[in-house]
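Working notes, structure below.
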């Protein structure tokens, strides 16, 4: 089997979307599946990971040739809102565009049941839920005491540390993160991830004034580290993962944090219905609830460890081995040939 595994605008996209595509390619590499990263409609299967205009053209050409088209639904209009300046305005025309683009696929992959339910309102294209998963090898060594001390000292953090990891945007719950930190001045909060609110023309355009102001006016116990080269450092320094995101298709960083044994406090939204509050996480909605949930875990180390252990156990089904088998099974169904035998 020869797969065209195309990721439009690959050089410009970062974060979980980028990592998900790299995970898929590692799966292909590990199973010896031949593929190109260019949009090739003559391949046995066209697998698209970002439905820009070039991907749309490739999908149309592939369908004319009878080549199966598989599309990963990484974006929804709902998930696009509150991402950067003008994103709420652009989300309105994005929906009809995605309805058209996703309708070009022979089959869709949705990273969660929640996303599948959302996409059902876009198109009746057949779809399968397959988690984006996470690469456990990427986090190997996160529990190294020396690494923990290095990152605690680097950012002047005193454990237990409440942390988040990822792009600093309002959709991820920036305002709630900052306001919760403000109400818990005795606790160190750290947000690891890209932040450059004053640098570069493009960034000045993409970062909303609200985000810049929120970060600038955050309390002293709230640290924004900016980009960290070694993601293990964030998981080494953190103790309780605080993920107040307002909308998420799945949340790879949540899987990563849970796999490291960090108990998560999440916003009570449909995306996280697969989590059980009180067993593998604590759920809340609004700053007072977040304060109560975080205080519960910070004041009770035994419960914190117990929830963290349950969280780690839950992620065993989300590693690349398990996710890879599901993805390759879908390839086989679409092409009529098992790629593991190619």
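What the table shows:
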read-out	value
Subset tally (residues that are part of a helix (DSSP H, G or I) and surrounded by 15 or more Cβ atoms within 10 Å (Cβ to Cβ)) for region 27-49	2
Odd one out for residue 164 among (1) closer than 21 Å to residue 214 by Cβ; (2) touching a strand residue (DSSP E or B) at 6+ places or on another chain (Cβ under 9 Å); (3) assigned to a helix (DSSP H, G or I)	(3)
Residues satisfying the stated conditions in region 329-342, i.e. surrounded by fewer than 19 Cβ atoms within 10 Å (Cβ to Cβ) and in contact with a helix residue (DSSP H, G or I) (Cβ under 8 Å, 6 or more places away or on another chain)	332, 338, 340
Positions within region 5-27 being touching a helix residue (DSSP H, G or I) at 6+ places or on another chain (Cβ under 8 Å) and free of Cβ contacts under 8 Å to residues at least 60 places away in the same chain, in sequence order	5, 6, 7, 8, 10, 18, 21
Positions within region 102-118 being crowded, with 20+ Cβ neighbours inside 10 Å and assigned to a loop (DSSP other than H, G, I, E, B), in sequence order	104, 105, 111, 112
Residue count, region 297-325 (criterion: surrounded by fewer than 16 Cβ atoms within 10 Å (Cβ to Cβ) and either within 30 Å of residue 67 (Cα to Cα) or at pLDDT 95 or above (or both))	12
Residue within region 63-79 that is more than 17 Å from residue 13 (Cβ to Cβ) and at pLDDT below 95 present	yes
Residue ranges of helices (runs of 4 or more DSSP H) in region 225-325 with at least 2 members touching a strand residue (DSSP E or B) at 6+ places or on another chain (Cβ under 6 Å) and farther than 26 Å from residue 19 by Cβ	287-298
Residue within region 221-230 that is modelled with pLDDT of 95 or more and crowded, with 24+ Cβ neighbours inside 10 Å present	no
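The values are calculated or read from the model by the stated rules, or taken from the named source; none is laboratory data. Since we're looking at a predicted model, the values are computed, not measured. All Cβ positions, even for glycine, are placed from backbone atoms using ideal geometry, and neighbour counts span all protein chains on display.
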